[in-house]
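What follows is calculated from the coordinates using simple rules that are stated; it is not laboratory data. All of these numbers come straight from a predicted model, not from anything done at the bench. No Cβ is skipped: glycine too gets one built from the backbone with ideal geometry, and neighbour counts run over all protein chains shown.
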Amino acid sequence: MSDLGAVSVSATPKEKFREYLTTQKQRLTTPREIVVDEVFDNHEHFDADELAIRLQGKGKKRVSRSTVYRTIELMEEAGLIRKVARPNGKEIWEHDYGYPQHDHMICKKCGTLEEFHNDEIKSILKTVTGAQGFLMDGHRLEVFGVCAKCRRAPKRKHNKLDMI
């Protein structure tokens, strides 16, 4: 994963989530707070099962798997995280709040996900959308293919019998 830096935000992810939950007439409970902290303490793409296992490993046993799933859904609705496509169909999420606009290259063989930022793509999209009278407020690009590592020929040991 590349280091794209951070975007300055006026509220912490926890504060933003609390605000969102208030609009939904819900509370930021301790288990939900634990999930938000874990998600934003490190910037890695994650799936719900991995997150639940990570929390259990840290002794956060009072955060149930169902709470993790429900909290992730609420965090996505609140604009804190977003889903990223995977070739195997498994849902994974990444930070959206406080993180710059970026795109992804996804290897269809090994599933590696590489983040990148390219100003030319943004410029092209502004031109295309402007010509259509469309007001763009963001974009999402996921490029599927095969990474350089998977394209390399496999190293093969020759059997002695193959050399005859």
For region 24-86, which trypsin sites (Lys or Arg not before Pro) are both in a DSSP coil and crowded by at most 11 other Cβ atoms within 10 Å?
Lys25, Arg27, Lys58, Lys61, Arg62
With r as the distance between the Cβ atoms of Tyr69 and His117 and R0 = 25 Å, compute the FRET efficiency 1/(1 + (r/R0)^6) and round to 0.05.
0.25
Relative contact order [Cα under 8 Å, 6+ residues apart], the chain, whole percent:
21 percent
Considering Cα pairs under 8 angstrom that are at least six residues apart, work out the relative contact order of region 85-139 and quote it in whole percent.
25 percent
Net lengthening on full extension, Glu142/Arg27 (0.36 nm per residue, minus Cα-Cα):
38.0 nm
Please tell me the relative contact order of region 7-99 in percent, rounded to the nearest whole number, where contacts are Cα pairs under 8 Å and at least six residues apart.
31 percent
Could you work out the helix-only [θ] at 222 nm for the chain, with each DSSP H run of four or more residues adding -39,500 (n - 2.57) and the total divided by the number of residues, to the nearest 500 deg cm²/dmol?
-11500 deg cm²/dmol
Cut-off 14 Å between beta-carbons: net charge of the residues surrounding Lys149, Lys and Arg +1, Asp and Glu -1
+4
Round to a whole angstrom and tell me the spacing of the C-alpha centers of region 45-105 and region 123-155.
23 Å
At 0.692 mPa s and 37 °C, Stokes diffusion of region 100-153 via Kirkwood alpha-carbon radius, µm² per second:
258 µm²/s
